[in-house]
Amino acid sequence: MLKALLKKQFLELVIPYTVDQKTGKRRSKGAITGYCALGVLIFVSVFAMFFGISDALSSVMVESSAAAGPKEWIYFAMCGIMTISVGIFGSVFNTYAALYKAKDNDLLLSMPIPPSKILLTRVISVVFLSAVFSAMVWLPCVIRYQMVKGPGAPGLISQIIMFVFVVLLVSVLTCGLGYLVALVASRVRNKSVVTVVLSMTVLLIYYYVSFKSNELLQELLLKADAIGKGIRSWGYPFYLMGMGCVGNLGALILFGLLSAVVFGLCCYVLSGSFIKLVTTNKGEKKTVYRETILKRSSADQALLMREYRHLLSSTVYMLNYGMGLVMIPVLTVLAALKRGDLLTMLAGLMEEAPFLKSSIALLAAAAVGMMLSMDCFTAPAVSLEGKHLWIVRSMPVSGWTVLKSKEKMHVCLNAAVGVPCTTILCLILKQSALTCLLMSGVTLVYCWLTADAGLWLNLKFPNLVWESETVPIKQSLPVAILMFGGWAVVFGFAGLGMAASLIMPLEVYLVITLTLGAGLTFLIRHWLKGRGTQIFESL
């Protein structure tokens, strides 16, 4: 029984890579090999990144000590902190899905299977995932330490044993945080918005750490002694971890006992409340009905609000196409805060390439355009109707009215962010009022052009048969063409503008671009009103 449950649990981990979730058929050997290669590449990339960090840490904390000195334990304590952080981040949501919200919990509990065995298989999968994510950090740290200390360096056995204890601790923490995620998810009404906010927060933290990595690492190395005192005072378990890795048997045993006791306590708590955890649905907070006067709205407004509600209710939709709406204002604020550094950097660039002086504003518009190209809301808009297409088809509105609502949402969201940010960036670059106005106009036209181009592509290549919204949003031809085509247009706009600046003023080039862009948008929109509407109404 336990063997069959374990086999099922681990098959769940690999089945997305071996079976096509849309068709239910086994993937080809080439596709499976490709997924395996991608997984290995990700593991190696993360491994290499933390090996570089370990190299920098070891240069101060290990190489400077002939023997197991006062700084070597700090090296392993900091490696442990990184390992636990990455292990939790990588496996907490998998723990939430596998332990608390597994789709087959009700089915398994209805069978003559002891709940303890179901729980055991779930916990084993949690430990396995924790070990995989933790190994990406702990393994390069240990390898780098052994390389510095030379062949046959003492402590290898202790470091391997310590890894097991660290994995147990990571598993306990992920079980606890996974429970908090399940608790929040059961109480929150609009889960997609919360998911997007959390994802954006994590991405912003990641980018901040990436940009500041060298500075943070240098500061870390300069304050190694102070950090060691802080860890010993406020993070005693990490002090035990570090000392255990450099050969202190007592510290190794104490940390092992701590991990084993905490892990055992976690399993005891889970075993006593497992059935309640996986079957209780706390439900959302009920809405109290209050009588209000309903306001009438036009068909255009009603359909537009329908598009907004669909966007807010779909996590995949928001995460994939809302990135630019967040990143553009963030980068604009950073540019304003770091205005002096930005102008100094651009001044050096213009010294190397003097022809950029008259067209430097193109870089600002190109940066905004690149991020707007990722917000292709209209490219999957028709396909997202899917099996619910009959709803809008049965409404007393024309097909063009429906298409126009999709176009309007795309333009409103992108223009509301892109136009003011383009203007602010141009002002930061000390451009004239006319240049700022024309550049903002170019951004507005680009938003309209991509909106209509996305609808045109989706009507040409619709996909109304899908099981998950991920298919039209992430795996459709219209999205790929619009995104990469948008990048090509932006690069062409900036490149041609820089070349044209040698023979004409920037304002003249922007007027020409505005005219051509508006003309192309008019032609596509005219097609959408006629032939495009006919195609939509015949789907």
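The values are calculated or read from the model by the stated rules, or taken from the named source; none is laboratory data. No experiment lies behind these values; they were computed from the predicted model shown. Glycine also receives a Cβ, built like all others from the backbone with ideal geometry; neighbour counts cover every protein chain displayed. These area figures cover heavy atoms from the full protein model, side chains too; ligands, DNA and RNA do not enter into them. Shrake-Rupley method; radii C 1.70, N 1.55, O 1.52, S 1.80 Å.
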* Asked: Taking A335, is it open to solvent by less than 20 Å² (accessible area, probe 1.4 Å), in a loop (DSSP other than H, G, I, E, B) and under 26 Å from V417 (Cα atoms)?
  -> no
* Structure fact -> Scanning the range 442-462 for residues that are open to solvent by 20 Å² or more (accessible area, probe 1.4 Å) and of a type outside the set (A, V, I, L, M) gives Y446, W448, W456, K460, F461, P462
* For K430, work out the one condition from (1) under 30 Å from I535 (Cα atoms); (2) surrounded by fewer than 19 Cβ atoms within 10 Å (Cβ to Cβ) it doesn't fulfil. => (1)
* Got a number for residues in the range 501-523 being open to solvent by 30 Å² or more (accessible area, probe 1.4 Å) and either touching a Cys at 6+ places or on another chain (Cβ under 9 Å) or part of a helix (DSSP H, G or I) (or both)? -> 13
* Any hit, the range 388-406, residues being over 30 Å from D300 (Cα atoms), assigned to a helix (DSSP H, G or I), touching a Ser or Thr at 6+ places or on another chain (Cβ under 9 Å) and in contact (Cβ under 8 Å) with a residue 24 or more places away in the chain -> no
* What are the residues in the range 524-539 that are charged (D, E, K, R) and either surrounded by fewer than 16 Cβ atoms within 10 Å (Cβ to Cβ) or more than 25 Å from E385 (Cα to Cα) (or both), if any? -> K529, R531, E537
* Structure fact -> Going through (1) in a helix (DSSP H, G or I); (2) closer than 29 Å to L464 by Cα; (3) in contact with a helix residue (DSSP H, G or I) (Cβ under 7 Å, 6 or more places away or on another chain) one by one, F377 fails only at (1)
* To do: Name, by its number, the condition in (1) within 23 Å of Y236 (Cβ to Cβ); (2) surrounded by 16 or more Cβ atoms within 10 Å (Cβ to Cβ); (3) modelled with pLDDT of 80 or more that does not hold for A68.
  => (3)
* To do: Go through the range 497-526 and count every residue that is in contact (Cβ under 8 Å) with a residue 12 or more places away in the chain and under 36 Å from the mean Cα position of the chain (by Cα).
  => 11
* Scan of the range 240-249 for residues that are part of a helix (DSSP H, G or I), touching a Ser or Thr at 6+ places or on another chain (Cβ under 9 Å) and buried (at least 21 other Cβ atoms within 10 Å of the Cβ), ordered by number -> G244, C245
* Structure fact -> If you go through L139, L156, L129, L173, the only one that is touching a helix residue (DSSP H, G or I) at 6+ places or on another chain (Cβ under 9 Å) and at pLDDT 90 or above is L139
* Show the residue pairs that are 6+ apart or on different chains and have beta-carbon atoms under 8 Å apart, the first residue being within the range 26-38 and in contact (Cβ under 8 Å) with a residue 12 or more places away in the chain and under 15 Å from V14 (Cβ atoms), the second being open to solvent by 60 Å² or more (accessible area, probe 1.4 Å) and not polar (S, T, N, Q). => I32/Y17; Y35/Y17; C36/Y17
* **Leading residue by the ranking (least open to solvent (accessible area, probe 1.4 Å)) among those in the range 465-480 that are more than 18 Å from M323 (Cα to Cα) and either in a loop (DSSP other than H, G, I, E, B) or in contact (Cβ under 8 Å) with a residue 40 or more places away in the chain (or both)** => P478
* Asked: Hey, among L216, L252, L277, L265, which residue is in a helix (DSSP H, G or I), more than 14 Å from I161 (Cβ to Cβ) and modelled with pLDDT of 85 or more?
  -> L265
* Test result for R296, charged (D, E, K, R) and either touching a helix residue (DSSP H, G or I) at 6+ places or on another chain (Cβ under 7 Å) or at pLDDT below 85 (or both) -> yes
* Asked: Residues in the range 371-383: is at least one among the aromatic types (F, W, Y) and surrounded by fewer than 23 Cβ atoms within 10 Å (Cβ to Cβ)?
  -> no
* Pairs, please: C-beta under 9 Å, at least 6 apart or cross-chain, first residue at positive phi and in the range 238-266, second surrounded by fewer than 16 Cβ atoms within 10 Å (Cβ to Cβ) and not in a helix (DSSP H, G or I)? -> G247/P154
* Only one of these conditions is not met by F93: (1) in contact with a Leu (Cβ under 8 Å, 6 or more places away or on another chain); (2) modelled with pLDDT under 70. Which number is it? -> (1)
* Asked: Which condition does T422 not pass, out of (1) open to solvent by less than 10 Å² (accessible area, probe 1.4 Å); (2) without any contact (Cβ under 8 Å) to a residue 60 or more places away in the chain; (3) touching a Leu at 6+ places or on another chain (Cβ under 7 Å), if it passes all the others?
  -> (3)
